[in-house]
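The values are calculated or read from the model by the stated rules, or taken from the named source; none is laboratory data. Everything numeric here is computed off the predicted structure, so don't read it as measured data. With ideal geometry, Cβ positions are generated from the backbone for all residues, glycine too; neighbour counts draw on all protein chains shown. Heavy atoms of the whole protein, side chains included, go into the accessibility calculation; ligands, DNA and RNA do not. Shrake-Rupley method; radii C 1.70, N 1.55, O 1.52, S 1.80 Å.
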Amino acid sequence: MQNKIITSFFISLILFAVVLSVALPDEQYSEAEKRALAQADSVKISDYFSGEFQTNLDKYLSDQFPARDSWITIKTFGDLVSGKREISGVYLADDMLIQRFSGMKNLVSNAEGLLKLQEQLKSQNISFSAVMIPTAACIYSDKLPLFAPNPDQSQITKYLHKQGLNVIDVESALNSHKNEYIYYRTDHHYTSLGAYYCYAEYRKAINKSVRGLSDYTAEKLCDDFLGTSYNKVNFPFVKADEVTAYYICKNRAVSYNFGNYKADEIYERKFLATKDQYAVFLNSNQAQTVIEGSGEGKLLIVKDSFGNTFAQFPCEDYAEIHIIDLRFFRGSIAEYSEENGIDEVCAVFGLQNFSNDIKLIII
């Protein structure tokens with residue numbers, strides 16, 4: 001009898017939540033997960049026989065479930081009690097939340113795209129290098145649960161080398177500093193310190209001087225950052241992250257999207273009061289950015305979000321730093337480089353993004 005009462009209670013609770021989710025207006029976007037949420041118009045009766053109806057309905061009800069973040073926390077604890085250590089693609093690994101490396105569906109096409117760009121730039125006598133940032137699962141594989149699937153990311157770098165891409169190895173440098181704070185505990189990105197070590201490897205590879213870390217001022221921007229890994233599991237027992245800026249000259253002229261917005265430093269501090277605190281670096285992800293630097297020559301960074309933190313450091317070494325995000329920019333990189341007198345091009349991508357999550361369009 002008691003089991004029937006408990007079962008009836010939970011069924012009633014779920015039915016109430018479903019009715020409430022239908023009655024309430026749909027949420028358009030999840031600030032916590034940094035993604036658009038499924039909408040009612042994605043559920044179509046015409047998709048019934050193709051099998052898409054049930055899939056889209058499940059996704060819609062999951063995305064629009066009332067008090068969704070609280071339910072995610074409850075689910076996480078339930079999974080932990082059952083013995084799981086991977087939840088929603090995130091490993092609960094000691095003092096870190098580490099996202100699982102998954103899929104390589106875009107690796108070949110993205111490699112071909114960068115090779116095409118490398119050849120275009122070579123014909124213009126512009127140097128090209130690629131910096132591929134391994135995930136925390138690569139550097140901290142010893143923290144992962146026993147028998148957790150974890151592809152060898154160094155093999156991806158070797159594959160890119162074999163295809164002829166000028167890839168700079170940063171995995172060794174990151175491994176040698178793994179006891180330092182080089183990856184966030186709650187987010188999939190590297191920290192500013194991790195970005196510094198990758199930039200140092202880039203400078204060494206092109207036979208240019210490397211500034212010591214002590215040359216920079218380190219400014220803690222916040223100490224309550226909870227990133228994308230945290231928001232997948234809402235696990236409250238992992239310590240929040242610090243976000244730190246490194247600079248020598250704090251104020252710089254910055255132009256976004258061909259002058260549509262201008263700023264006097266690369267840190268957009270308004271984001272520190274939002275959930276998307278990583279967006280403090282370079283105003284989140286913009287199609288095109290130009291920073292006035294303190295050095296000589298012009299560097300173009302072609303990047304995903306890993307390039308935002310990376311871009312702090314070349315500000316001291318180049319006269320201009322141009323930054324293009326190929327997820328939003330639809331021009332020709334080769335033409336842009338020629339028109340703007342670019343001397344060096346450096347592609348900066350997270351290996352997970354490059355292998356699976358984005359598809360580069362090279363014109």
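Looking at the stretch 323-363, which chymotrypsin sites (Phe, Trp or Tyr not before Pro) are in a loop (DSSP not H, G, I, E or B) and have at most 16 other Cβ atoms within 10 Å?
Working: sites: Phe328, Phe329, Tyr336, Phe349, Phe354; in loops: Phe328, Phe329.
The qualifying sites are Phe328.
If you rank Thr309, Thr274, Thr135 by how much accessible surface each has, with a 1.4 Å probe, what is the order from largest down? All intermediate terms of the calculation are to be shown ahead of the outcome.
Details: Thr309 0, Thr274 60, Thr135 20 Å².
The ranking, largest first, comes out as Thr274, Thr135, Thr309.
Can you flag which of Lys270/Lys303; Lys220/Lys359; Lys239/Lys359 are past 29 Å Cα-Cα?
On the way: Lys270/Lys303 23 Å; Lys220/Lys359 34 Å; Lys239/Lys359 33 Å.
Checking Cα-Cα distances, Lys220/Lys359; Lys239/Lys359 exceed 29 Å.
Only Lys, Arg, Asp and Glu count, each charged at its Cβ (+1, +1, -1, -1), so figure out the dipole size of the stretch 108-252 about its Cα centre, rounded to 20 debye.
Details: 16 positive and 15 negative charges, 74 e Å.
Approximately 360 debye in magnitude.
Sequence-distant or interchain residues sharing an amide H contact under 5 Å with Ile133, placed H: which?
Here Phe349, Gly350, Leu351 satisfy the definition.
Can you list residues whose amide H is under 5 Å from Tyr183's amide H, if they're 5+ apart or on another chain and H is modeled 1.01 Å from N?
Residues meeting the amide H criterion: Thr191.
Could you list the GluC sites (Glu not before Pro) in the stretch 251-296 that lie in coil according to DSSP, counting only those with at most 10 other Cβ atoms within 10 Å of their Cβ?
Details: sites: Glu265, Glu268, Glu292, Glu296; in loops: Glu265, Glu268, Glu296.
Answer in residue order: Glu296.
So which chymotrypsin sites (Phe, Trp or Tyr not before Pro) in the stretch 188-250 pass both tests, a DSSP loop state and at most 10 other Cβ atoms within 10 Å of the Cβ?
Working: sites: Tyr190, Tyr196, Tyr197, Tyr199, Tyr202, Tyr216, Phe225, Tyr230, Phe237, Tyr246, Tyr247; in loops: Tyr216, Phe237.
Within the stretch 188-250, the qualifying chymotrypsin sites (Phe, Trp or Tyr not before Pro) (loop, at most 10 other Cβ atoms within 10 Å) are Phe237.
Lys/Arg Cβ at +1, Asp/Glu Cβ at -1, dipole of the stretch 97-235 taken about the Cα centre: which of Met132, Ser176, Gln163 is farthest positive-ward?
Comparing the listed Cα positions along the dipole, Gln163 ranks first.
Show me, for the stretch 312-320, the HN-Hα J-couplings you get by feeding each phi into the Karplus relation (A = 6.51, B = -1.76, C = 1.60, θ = phi - 60°), rounded to Hz, glycine and proline as x.
4, 7, x, 4, 8, 10, 10, 6, 9
In the stretch 259-280, which residues have a backbone nitrogen under 11 Å from the label point lying 7 Å from Asn340's Cα in the Cα-to-Cβ direction?
Under 11 Å, as judged by backbone N against the label point of Asn340, lie 259 of the stretch 259-280.
Report the net charge of residues surrounding Lys250, where surrounding means a beta-carbon distance below 15 angstrom and charges are Lys +1, Arg +1, Asp -1, Glu -1.
Working: positive: Lys220, Arg252, Arg269; negative: Asp215, Glu219, Asp264, Glu265, Glu268, Glu292, Glu316.
Summing Lys and Arg as +1 and Asp and Glu as -1 gives -4.
Towards the positive end of the charge dipole of the stretch 216-273, with charges on Cβ (+1 Lys, Arg; -1 Asp, Glu), say which of Val243, Ser255, Gly227 has the farthest Cα.
About the Cα centre, the residue reaching furthest to the positive side is Ser255.
In nm, to one decimal, how far is the modelled label at Ser214 from the one at Lys178, with both set 7 Å along Cα→Cβ?
2.8
Determine the sum of side-chain charges near Tyr183: Lys and Arg each +1, Asp and Glu each -1, restricted to other residues whose C-beta is under 13 angstrom from that of Tyr183. Numbers along the way, then the final one.
Working: positive: Lys143, Lys178, Arg185; negative: Asp94, Asp95, Glu171, Glu180, Asp187, Asp241, Glu242.
Around Tyr183, the surrounding residues sum to -4.
In nm, to one decimal, how far is the modelled label at Arg327 from the one at Ala148, with both set 7 Å along Cα→Cβ?
A separation of 2.3 nm, rounded to one decimal place.
So what are the ³J(HN,Hα) numbers for the stretch 92-101, from phi and the Karplus equation (6.51, -1.76, 1.60; θ = phi - 60°), rounded to whole Hz, Gly and Pro as x?
Per residue, the Karplus-derived 3J(HN,Hα) values read 8, 10, 6, 9, 10, 10, 10, 6, 5, 7 Hz.
Tell me the per residue accessible area of the stretch 239-286 using a 1.4 Å probe; a whole number in Å² is fine.
Values: 2260 Å² over 48 residues.
Heavy-atom accessible area per residue stands at 47 Å².
Whole-Hz Karplus ³J(HN,Hα) for the stretch 133-139, in order, using 6.51 cos²θ - 1.76 cosθ + 1.60 and θ = phi - 60°, x for Gly and Pro?
Once θ is set to phi - 60°, the couplings for the stretch 133-139 become 8, x, 7, 4, 5, 6, 6 Hz.
Leaving out ligands, DNA and RNA, what percent of the accessible area of the stretch 306-363 is carbon and sulfur, probe 1.4 Å? List each step's numbers first, then the result.
Numbers: 770 of 1670 Å².
It is 46 percent, rounded to a whole number.
Taking the Cα centre of each part, how many Å lie between the stretch 86-125 and the stretch 315-359?
15
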